[in-house]
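The values are calculated or read from the model by the stated rules, or taken from the named source; none is laboratory data. Everything numeric here is computed off the predicted structure, so don't read it as measured data. Here the Cβ is made from the backbone with ideal geometry for all residues, glycine too, and neighbour counts use every protein chain on show. Surface areas here come from the heavy atoms of the whole protein model, side chains and all, with no ligands, DNA or RNA. Shrake-Rupley method; radii C 1.70, N 1.55, O 1.52, S 1.80 Å.
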Amino acid sequence: MKPIRLLAGFMTVGLWTMGSRVLGFVRDILIAGLLGAGPVADAFFVAFSLPNMFRRFFAEGAFNMAFVPMFSKRVQSGDDPEGFARDALSGLGLILILFTLVALAAMPWLVLAMASGFVGDARFDLAVGFGRIVFVYVLFISLAALLSGVLNATGRFAAAAAAPILLNVILIGALLLAQTGWLAEALTLDAPDGAEIAGLHHGTLLAIGVVLAGIAQLWLLWRAAAKAGFPLRPRRPRMTPELKRLAIIAAPAALAGGVVQVNLLVGRQVASFFDGAIAWLNYADRLYQLPLGVVGIAIGIVLLPDLSRRLQAGDTAGGQDAFNRAGEICLALTVPAAVALLCIPEALVSVLFERGRFTAEDSAATALAVAVYGVGLPAFVLQKVFQPLFFAREDTRSPLRYALWAMVVNAGIAIGLAPVIGYIAAALGASLAGWAMVWLLWRGSRPLGEAAAFDARFKARIGRIVLAALAMGAVLLGAQELLSEALRTPTLRYGALAALVALGIVSYGAAGHLLGAFRLAEIKRALRRRP
């Protein structure tokens, strides 16, 4: 089995993820124009968050954090990795089918747990109806996530990274269909309640699109795994010794994943008591999730199987180098992204989302959330660097303890400050809890030996990265002032925002290269060495 090339794998995952996130922007721009920040938008976002929450819990979170290291080591040693993966797929499938049936019956209680502020108004029934359609997605996308783990563990990142694009393509198609003339006529939009009828049908169309996207993603990844030599056909579930060990390792990770979801739940509960706040936070989440997805998810996907295989082979020096280079990549890309979100949030939000039913007041509220999430962005990504140090050693209990403490921080800030600062307490709690989690992970990694130690190159580059990002921030603030009129002009604002972003990228690249924060030659080599 060929070794995983960290930078090359990161570039592959990052570029595909960037494509998915750009299409996600297009999707949310269309949703903002079609639904705004009204009751249908709030209800759809809560319903859509339910399968995504449990997907992270079952597959991308608990299950995969335990499955990928065990599967990677079997690939390294040749100890029947295909049989292990097939048993895991069958066991996970049975659990998901049973869980989905229970969730569909319990949907009103799930919505109540997610957004109790909906009780007594139209949003509650809308969210329950959308939720019963969209929750089926959790079955398909969780099985797809396991197949992604199989591909990633063998150094094949492209198909798994490209699969999320299907979701955005299908939802964009649904949104374009929703705006066609024949559908508007069928919904009798000239009637007094036509807009409300249209919103309900648009939300339903989106929910159906989500389910179709899950089926498409599962099919794509099953085909890719078969081509990679792992044609995983389901068989009768059975409890083997390997699956028992997988369950024992996954249990703490499942609880940790549950804690993370409690943090999200607390934020949505706080937001549900403020009209439009769930939509504002969702649009803000889309902005900070762009760098988080491109950098953090890419690093987590590539680093975990790489560390697992290096530790299995006794390559401590290689493990340390992989950990430090992953940290460098994260800081080099997320620190300037955080500075940009703090410096120009309203320009980003108003140009990208302000149209149709999304008003200037919605832009201002969303921009404030973007800036607060920007404070926590480096922390959200650094967690993806530290956690594989534990998961690669099949230690899922330590991250659970740290997640519990972070949950206390999040709940205390979000609930305690909501009466004082309103919905923004949810974003502030998430950001500060993210930094608390990073500090706990760093402190807990100290006894893990040389593989978890920062090397001289990493320490030398941290300060230079921060200085380069601050220089970029000064350029952005000055350029925003010069382009302020163009940013408010409908025919010029897209070009003005593109120029603003380009100035930020160029200024950061120049400052970073001059200060030695990174070397452009390293990036060029990585681009030429995609797996």
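Observations on the structure shown:
- Conditions (1) free of Cβ contacts under 8 Å to residues at least 12 places away in the same chain; (2) more than 25 Å from PHE71 (Cβ to Cβ): number failed by LEU171: (1)
- Residues (more than 15 Å from ARG223 (Cα to Cα), open to solvent by less than 20 Å² (accessible area, probe 1.4 Å) and assigned to a helix (DSSP H, G or I)) located in the stretch 131-161: GLY131, VAL134, TYR137, VAL138, SER142, ALA153
- Tallying residues that are in contact with a helix residue (DSSP H, G or I) (Cβ under 6 Å, 6 or more places away or on another chain), more than 17 Å from TRP280 (Cβ to Cβ) and open to solvent by 60 Å² or more (accessible area, probe 1.4 Å) within the stretch 312-369 yields 4.
- Residue check, ALA474 without any contact (Cβ under 8 Å) to a residue 12 or more places away in the chain and over 28 Å from the mean Cα position of the chain (by Cα): yes
- In the condition set (1) modelled with pLDDT under 75; (2) more than 25 Å from PHE54 (Cβ to Cβ); (3) of a type outside the set (D, E, K, R), LEU352 is compliant with all but (1).
- Scan of the stretch 454-488 for residues that are open to solvent by 40 Å² or more (accessible area, probe 1.4 Å) and β-branched (Val, Ile, Thr), ordered by number: ILE462, VAL466, VAL475
- Residue within the stretch 99-110 that is β-branched (Val, Ile, Thr), within 28 Å of ARG397 (Cβ to Cβ) and modelled with pLDDT under 85 present: no
- Checking GLY300 against (1) modelled with pLDDT under 75; (2) over 25 Å from ILE465 (Cα atoms), the condition it does not meet: (2)
- Residue check: GLN76 meets all listed conditions (1) at pLDDT 75 or above; (2) among the polar types (S, T, N, Q); (3) open to solvent by 20 Å² or more (accessible area, probe 1.4 Å) but one, namely (1).
- Residue check for LEU98: farther than 23 Å from HIS202 by Cα and open to solvent by 30 Å² or more (accessible area, probe 1.4 Å): yes
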